[in-house]
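The next block holds one structure in the form of C-alpha cells; read it before the comments.
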Amino acid sequence: MNAIALGGADFLREHLRARLTLALLVAIPALFVVASASVLGEFATALGGSVSGDSASALGAGWAAAFLAGALGFFQVSSSREADRRLALAGMGAARVAVARISASVALGVLISAVAFLTLLLSAGVTHPAHAFVAILIFALTYIGIGTLVGSFVSGALEGSLTVAFIFLIDAFSGPGMSDSGGIAQAMPTRKAADVLIDAGAGQGSPVGDWIAVGLIALGALALAAATFWLSARPRST
Amino acid sequence: MNGRASTAIRMGFREQLRRPLLLVLLLALPFLFISWSFAITEPNPRLITLPGGELLLTTMRDIHGAIMVPITVGFLAGLVGLFVVQSALESDRRLVLAGYSPGEAIVPRLAVMVSATLVVLAVSLAVTTIDFVPDSWGPFVAGNLLAGLIYGLIGALAGAFVGRIGGAYLMFFLPMMDIGVAQNPMFFDGSPQGWATALPGYGPTRVLVDGAFSQSFDAVGPLAVALLWLVGLSVAVIVLLRRSLGGR
C-alpha cells in the first residue's frame, strides 16, 4: 500500500512538475466555464436543443472537465509506457503501477472538476451543488477512461490528441440539450452525466436510474483505465 | 535552397507520410467537423454586423458552417505546430551539431507545419462548398489561411514554453474559445465584443466573415491586424528555435 501511495504521489508530481501545467489545469476550466456560460444556451438553440440558462452553464463545466481529463488520460499512458514497464520489472509489479497511475489520474480529475465546479458555483450558482459536482466528476472520470484507451492504441502524441478531441466534439455536439439527435447520440459516453448535470443546473433532482447509469459508467471508465495501465506496465516475455 | 535544406525538407515530409493515422485524421476530421456542423444546425435567422458596419440577415446554419472552417483549421494547425516544434526541440540540435545551420534545421519544420495547414484548409474549404458558398472566395480563403498559420505558430510557442502536455491543454482550449466563442457572429450581438479584438483570432475571423457574407472587401483593418500577428509570431518562433538549436 505504501508503494502505491508513494508511486501515486510521484506520478502526480511528475505531471505537475512544470508549474505552468498546474496553472493551466486551474485556469483553463475556470475560463472555459465563464466564457461558455454566456453563449451555450444560444448555441444549443442554434442546434435545435433545449438547454438554456443555468443548465447550459452547468453543461459547460462538465465539458471543461471532460476535454482536459481526456488529454490527461491520453498523456498518462502515452508518455509513461516505457517507464512504467521498468518500474514493474524493478519490483513494483504491474498491478501496483496501474493502481498508482489511476490514483494520480483520479486526483488530477478531482482537481479539474473542483475548479470547474467552483467557477460554476461562483459565476452562476447551483441549486443542487452536490449533484452538480458529482456529475462534473463523472465527466472527468469518463474521459480519463477514454483518454487512456486512446493512449493504449495510439502512440503518437498528435494523433492521440486529435482522436481524443474528435471523440469529445462528437460527444458534446450530440449530447442532451444540444442537437438531441437520436441513434448514435444515445450511445455517447457522457449522455447520462449530462442529463444529471442539466437537471442539477435547473434545480431538479435526477431519477435513480440515471444515478445508477452514471455510477456504472464511471466504474467502467476507471476499470478500463486501470486495465490499460496494467497492460502498459506488464512485462513482455522475450 | 541548398542541398542539405532540401534533404531535410524531404525527410521531414517522409517522416509525416510514415504516420498513416495522422494523414487520415488530418483529412477526416475537417470533413466530419464541418459537415456535422451543417447537418445539426437549424437555419434560424440571425442578424450580424459585417466589418464595414453593414447589418446582414443570414442564418445560424450558414454562420456555423463558415466559422467551423477557421475553428477546425486553427485547432488542427495549432496541434501540428505544437508537436512539430516539440519534435524539433528534441532532435534537431543533433543536426546542428552535425553541421547544419539553425536556419537549415528550422525551415523543414516550418515547411511541414505550413503544408499540414494547407492540407487541412483545402479539405475544409472543399467540404464547406457542399453546403455553403462564400460571396468572395479571396478574403474567405485568406482569413482561414491566416487563422491556421497564426494558430500553428501559437502551438509552436506553446510547446516551447509550457511543454507537450501543457501545450496540448492550451491548444484544446484556445482556438475553441477565441474563434469559436469570442469572434463567433453566432453569439453576442453578431460581432466581436471589445475585449475580443485583442485576441489572435480577431483579424482572420473578421476577414473571412467579410468574405463569407459580402462581395466588397471592407476588412482592411482586421487584415492588417492579422498580418501583424502573423509576422510577430513568425519572428518569435524563428528566434526561439534558433536559440534552442544553438544559433546566434
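Just so it is clear, none of the values below were taken in a lab; they were calculated from the coordinates. All of these numbers come straight from a predicted model, not from anything done at the bench. A quick note on method: Cβ atoms are made from the backbone with ideal geometry, for glycine too, and the neighbour counts reach across all protein chains shown.
Determine the distance separating the Cα centre of the stretch A:200-238 from the Cα centre of the stretch B:209-242; give it in Å without decimals.
Each part's Cα centre sits 44 Å from the other's.
Set Lys and Arg Cβ to +1 and Asp and Glu Cβ to -1, take the dipole of chain A about its Cα centre, and tell me which of A:Ala193, A:Gly8, A:Ala56 lies farthest positive.
So the residue furthest toward the plus end is A:Gly8.
Arrange A:His128, B:His64 by Cβ neighbour counts within 10 Å, fewest through most, would you?
A:His128, B:His64
What number comes out for the charge environment of A:Ala46, summing +1 per Lys or Arg and -1 per Asp or Glu over other residues with Cβ under 9 Å away?
Working: positive: B:Arg46, B:Arg61; negative: A:Glu42, B:Glu42.
In short, 0.
At most 10 other Cβ atoms within 10 Å and a DSSP loop assignment: could you name the trypsin sites (Lys or Arg not before Pro) in the stretch B:1-90 that fit?
The qualifying sites are B:Arg18.
Calculate for chain B the 222 nm mean residue ellipticity that helices alone would give, adding -39,500 (n - 2.57) per DSSP H run of length 4 or more and normalising by residue count, nearest 500 deg cm²/dmol. Write out the running numbers ahead of the final one.
Values: 7 runs with 182 residues, N = 248.
That calculation yields -26000 deg cm²/dmol at 222 nm.
Using alpha-carbon pairs under 8 Å, 6+ residues apart, how would you state the relative contact order of chain A in percent?
Computed value for chain A: 30 percent relative contact order.
How many Cβ atoms of partner chains, on average, are near each residue of A:45-54 if near means within 10 Å of its Cβ?
3
Run lengths n ≥ 4 of DSSP H only: what is the helix-derived mean residue ellipticity at 222 nm for chain A, with -39500 (n - 2.57) per run over all residues, to the nearest 500?
-26000 deg cm²/dmol
Given charges of +1 on the Cβ of Lys and Arg and -1 on the Cβ of Asp and Glu, with all other atoms neutral, how large is the dipole of the stretch A:93-238 about its Cα centre, in debye to the nearest 20?
Here the size comes out at about 620 debye.
In nm, to one decimal, how far is the modelled label at A:Ala9 from the one at A:Ala27, with both set 7 Å along Cα→Cβ?
Label at A:Ala9, label at A:Ala27, 2.9 nm between them.
Residue by residue through B:25-34, how many Cβ atoms from other chains fall within 10 Å of the Cβ on average?
Per residue, the number of nearby Cβ atoms from other chains is 3 on average.
To make sure I understand, if each residue's beta carbon is the centre and we count other beta carbons within 10 Å, what order do B:Val107, B:Val85 fall in, fewest to most?
B:Val107, B:Val85
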